[in-house]
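Where a number appears in this text, it was derived from the coordinates with a stated rule and is not lab data. Treat the numbers as computed from the prediction; the structure is a model and nothing was measured. All Cβ positions, glycine included, derive from the backbone under ideal geometry; neighbour counts span all protein chains shown.
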Amino acid sequence: MKKLLILLFSLLFLSSPSVFAGDISDFTIEGIGIGDSLLDYMTEDEILEEIEKSKDWFYYLKEPKKYSSVTLRKEFPLYNKGISFIVKNNSANQYIGNKNEKYKILMIRGLIDYDEDFEGCVQKRDEIAEVVSKMFSDAKKVETVFKHGLDPSGNSIVNSITLEFDSGDEANFDCSNWEENFKIKNNFYNGLSVVINSEEIVNWSSNYK
């Protein structure tokens, strides 16, 4: 049975390493886990509308159309800017008959608004990552600051902590600081992302042109 990954307001829940197994498939965000069908949470029309909005986002990757981003635009108790997902793109999904395999979730990102408080974002991110990393002493902890490939100006920065598992899966805790004009144009915001990332998407998203 999947365990709820509560990372923001219930850190005391995370005080015992026995809460989680060392498998990314045991993590969920708002009860949604890797391998679930997105059709359990959104209609196909809603999914296709979101895929259309994000169709050009991954131009900087070698296979930009292989996967698609979908956002569930709903305010959750922990994630006040909704949850986003990555699934195989529509051209692949249209030939899948099994509903449980169609729009299978390969990445989940919970989004929290820190638009006017980047330092507060980093502080909360560090707090969360510290608690979780202690539970998974075998996971490799990597801290990086990098320019986000989505912004061609190179002025959008991500301050990231990643836990790398032996399986190739990852958990990411990122604070994004978008270039102002780029942020306004794309209706983005500066904030904290809590990410469950399958090995499949880790490999795809790091394969730049």
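Things worth noting here:
- The stretch 139-183, relative contact order [Cα under 8 Å, separation at least 6], %: 36
- Cα-centred dipole magnitude for the stretch 49-207, charges only on beta-carbon of K, R (+1) and D, E (-1), debye, nearest 20: 700
- Between the residues PHE76, TYR41, ASN93, the greatest Cα displacement towards the positive end of the dipole of the stretch 3-205, with unit charges on the Cβ of Lys, Arg, Asp and Glu, is found for ASN93.
- Remark on GLY191: its backbone amide H falls under 5 Å from those of TYR114, SER176, a criterion applied only to residues 5 or more positions apart or on other chains, H modelled at 1.01 Å from N.
- Burial order of peptide ranges 134-142, 29-37 (average beta-carbon count within 10 Å, highest first): 29-37, 134-142
- Taking the number of Cβ atoms within 10 Å of each Cβ as an exposure proxy, the fewest-first ranking of GLU164, GLU130 is GLU130, GLU164.
- The value of relative contact order for the stretch 3-205, using C-alpha pairs under 8 Å at least six residues apart, is 20 percent.
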